[in-house]
Amino acid sequence: MGAQLRVYKRRIKSVTATKKITKAMEMIAASRVVKAQRKVAASTPYATELTRAVTAVATGANDKHPLTTEVENPTRAAVLLLTSDRGLAGAFNSNAIKAAEQLSEKLRADGKEVDTYIVGRRGIAHYNFRERKISGEWTGFTDQPDYADAKAIAAPLIEAIETETAEGGVDELHIVYTEFVSMMTQNAVEARLLPLSLEEVAEEAGTKDEIRPLYDFEPSGQDVLDALLPRYVESRIYNALLQSAASKHAATRRAMKSATDNAGDLITALTRSANAARQAEITQEISEIVGGSAALTDATAGSDK
């Protein structure tokens, strides 16, 4: 029984050390998700006003722009998938990857070729393991993204949609990311970024029913859109990166809290088993002492006779 008790004590020590790690990770994730939420809130006014500007210019300008013009028969689409560089976040990455794969299947069913762009090592590893082609990849900033990262991602995507499909370009750009709803709820969502649907953009900005002023453009409306639309795409990608980062930290916090609680339950169960083993060992020792004493008494009584 002594060996079994030592096994229980070793396991309790190991699980206790694991519990300390998961508790620390839970606290770190809790502090980071608050900072990520603040960044999301801080980026909202800029994104809203930029959306208003894009809506006004695109509606007032008579020129067609490649980023706002629907292709009559689209044949190629790009999908940008946002995952994380690290794991230990429950189903965060798997839900985003599943949503991206469902979107890709839908696009292929519509007769479109799909180019996949991925942010985050987890998504890249998933596609590399299955030997799937990745048109572009970015890593190293998913926990704390900044605007420069969004610009780096947006540049090749805008270039791809401005390029003819015969030369390797795409007709549509979609994004798949995890939307932060609350500390307990994060949803994998997909949205089409390009070409812009002006009605959807106006509804998003809250300007759908507004009476818009008339504009004279200097330089031309095309030049203004050339400057504004890339900024709009960058701001949308940046907001998605922030939403994804906040969702990842919330998922990590929830996963680590569950792991900490499970470790506590396991320690309690192992402690009870260790106590039972110790009690059984004590009982056996007492039984051996009593049995030995009785045998000694019987032997002494026999010699007296």
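Since every read-out is calculated from the coordinates, none of them should be taken as a lab result. A quick note: this is a predicted structure, and the numbers were derived from the prediction, not measured. Counting neighbours? That spans all protein chains shown, and the Cβs are built from the backbone with ideal geometry, glycine included.
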Of the candidates P45, P219, P145, which one comes out as most mobile in a Gaussian network treatment of the chain with C-alpha springs shorter than 10 Å? P219
Got a sec? Charge dipole of the chain, +1 on Cβ for Lys and Arg, -1 for Asp and Glu; which of T163, H126, S287 is way out at the positive end? S287
Taking r as the C-beta separation of A155 and E70 and R0 as 25 Å, the FRET efficiency to the nearest 0.05 is 0.65
Could you tell me which of T16, N95, L5 has its Cα farthest along the dipole of the stretch 1-134 towards the positive end, charges placed at Cβ (Lys, Arg +1; Asp, Glu -1), taken about the Cα centre? L5
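Suppose the chain between A294 and Y46 were pulled fully straight at 0.36 nm per residue; how much longer would it get relative to their current alpha carbon spacing? Display every interim value, and only then the final one.
Details: separation 248, 0.36 × 248 = 89.28 nm, distance 8.95 nm.
Length difference between fully extended and current span is 80.3 nm.
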What residue among V54, L194, N275 has its Cα farthest toward the positive end of the dipole of the chain, where the charges are +1 on Lys, Arg and -1 on Asp, Glu, each on the Cβ? N275
Once you have a ≥ b ≥ c as the square roots of the Cα gyration tensor eigenvalues for the stretch 33-254, tell me rounded if a/c is under 1.5, and otherwise prolate or oblate according to whether a/b is larger than b/c. oblate
Dividing the mean separation of Cα pairs under 8 Å (6+ apart) by the residue count of the chain yields a relative contact order in percent of 33
Each label sits 7 Å from Cα toward the beta-carbon; between R231 and F129 the label points are separated, in nm, by 4.2
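Could you list T268, T16, T55 in order of exposure, starting from the residue whose Cβ has the fewest other Cβ atoms within 10 Å?
Numbers: T268 11, T16 14, T55 23.
Listing T268, T16, T55 from fewest to most nearby Cβ atoms yields T268, T16, T55.
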Considering the zone a paramagnetic label at A276 would reach in this model (a point 7 Å from Cα along the Cα-to-Cβ line), which residues of the stretch 4-46 have amide N under 18 Å from it? 4-12
Taking every other residue with Cβ under 13 Å from the Cβ of N275 and scoring Lys and Arg +1, Asp and Glu -1, one gets +2
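Out of the DSSP beta bridges found with both residues in the chain, what percent are antiparallel (nearest 5)?
Numbers: 8 of 23 bridges.
Among the beta bridges of the chain, antiparallel pairing accounts for roughly 35 percent.
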Setting aside same-chain residues fewer than 8 positions from K248, which lysines have a Cα under 23 Å from its Cα? K19, K20, K23, K35, K39, K98, K151, K257
Highest GNM mean-square fluctuation among L266, L50, L107, for the chain with Cα springs under 10 Å, belongs to L266
What is the magnitude of the charge dipole of the stretch 33-254 about its Cα centre, with +1 placed on the Cβ of each Lys and Arg, -1 on the Cβ of each Asp and Glu, and no other charges, expressed in debye to the nearest 20? 1480
Sorting V114, V170 on the 10 Å Cβ count, fewest up front, what's the list? V114, V170
